[in-house]
Amino acid sequence: MGTAGSEPRGPRGVRVTQEDVRRLCEFLYRRTGMLFDDNKRYYIDRRLVERIDATKSGSFPAYFALLRSDADHEIEQLINAFTVNETYFNREEHQLRCMTSDLLGNVIRGKRPGESIRIWSIPCSSGEEPYSIAIWLMENWRLVDSYNIEIVGSDIDTRALKAAGEGVYGARALMRLSRDVIGRYFQPVADGEHRIDPGLRESIQFTRANLIDSSEMARYRGFDIVFCRNVLIYFDDSSRRIAAENLYDCLAAGGYICLGHSETMSRISPLFRVCRFSDAIVYQRPESDHDGR
Amino acid sequence: MTDVEQAAPPSRRRILVVDDSALVRLYYRDALERAGFEVEQAINGIEAMEKVLAQPFDLAIVDVNMPRMDGFSFLRTLRRNATDVATLPALVITTEAGEQDLDTARAAGANFYLVKPVSQQDLVRHAAALSGAPT
């Protein structure tokens, strides 16, 4: 791990020690459930030094006092600095295929045409995933106009949510989309970037949500399908369990949750039923609670 | 070239799509624009009425279930209007497939009635026929 000599310094020469980082990580863990261990130390040091510089705190103790008082929403700023937001359209396409080939068929079994189908992307980062879901449905689900499809994108990072609302993407984010799809759902803007169609923007609701805050999560209920990819890996066992239980409560009975390809719910919580479809393994809240907990 | 593009009328007919779902409006608009139509949108009957009184259209595509003013109420209001807009062709799209719903749509003044799901190809075909677009 980093020695004093290799610890990063900001432009103002601010230096952080291992003890400073430990206190910060403990604070972040209490507030967000995100656990940063030693192998992410360099990453943490850099972000921390950046925040100390940005707030002109001058030292870790001064910064930490500012953080705890939450002056100028520094907690939010720090969380924003610590979350990784790089993603792209149609990432994990097999799950989108699974949604239209298997999940939705089961979801509509208990619904009449015209009723709502609720889909949640959490964390939604800068919007690539919820927009991908909407485009995928229009391109691949012949019943797309028969139900009232509500897509919600949520993230803890308000900077990412702002970007999602603006909906401007570079070539890297769009690399998996065909030219035809880009031409139909985006408008070119400066520097080779593309802005999402206003109609598509309007069809997604973006909100801030913290997966381990049960009272905040109580606002979200009745989702038929939840995409929750590559976030549980940031949590330790107990936060992961809290997040899983919160997600369980957010799902409608019989609703599904899709995790990232390296994640598995089975080791986190016994509440969910494992469903193996040809395109993906997903987890289901049982139709009746007696089947689960 | 897709089926939607093959059905493209050569002239720019103007269509008003009335649906409370942004996703459905986009799904219909995408098909119609690719087929060469010019598309305006409204989120309910009230907004649709304001638009037809302010701009010329060749066809209204109208969902039935909408908040504030539903598709049937919009059509009744439209047909009672004292100006030319009263004769605007209207294609009603609904989730209800019953005999009675068809009668209600006819009585409200619908020229044609489609039950969801409506494919983009079918939408364009009926839009072309009802708007009088040359084929």
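Taken together, the values in this text are just the output of simple stated rules run on the coordinates, not laboratory data. What you see is a predicted model, and the numbers here were worked out from it, not measured in a lab. Cβ sites come from the backbone with ideal geometry, for glycine too, and all protein chains shown count toward neighbours.
Values computed for the structure shown
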read-out	value
Positive-end residue of B:LEU102, A:CYS25, A:SER238, charge dipole of the protein assembly as shown with Cβ unit charges	A:CYS25
Region A:173-193 and region B:70-135: distance between their alpha carbon centers, rounded to Å	34
Estimated FRET transfer efficiency (A:LYS162, A:CYS275; beta-carbon r; R0 30 Å; 0.05)	0.30
Counting DSSP beta bridges with both ends in chain A, the antiparallel % (nearest 5)	40
Rough spin-label spacing in nm, given labels placed 7 Å along Cα→Cβ, for A:GLU202 and A:SER101	3.4
Computed over chain B: relative contact order in percent, which uses C-alpha pairs under 8 Å that are six or more apart	28
Listed peptides A:165-171, A:154-160, A:108-114 by packing density, highest first (mean Cβ within 10 Å)	A:154-160, A:165-171, A:108-114
Label-point separation, A:HIS73 to A:GLN18 (7 Å along Cα→Cβ), nm	3.7
Estimated inter-spin distance, A:ASP236 and A:SER116, nm [label 7 Å along Cα→Cβ]	3.7
Cα centroid separation - region A:48-87 against region A:89-164, whole Å	33
Chain lengthening between B:GLU38 and B:ASP84 when straightened (0.36 nm per residue, less Cα-Cα)	14.5 nm
Point-charge dipole on Cβ atoms (K/R +1, D/E -1) for region B:14-56, about Cα centre, debye to 20	120
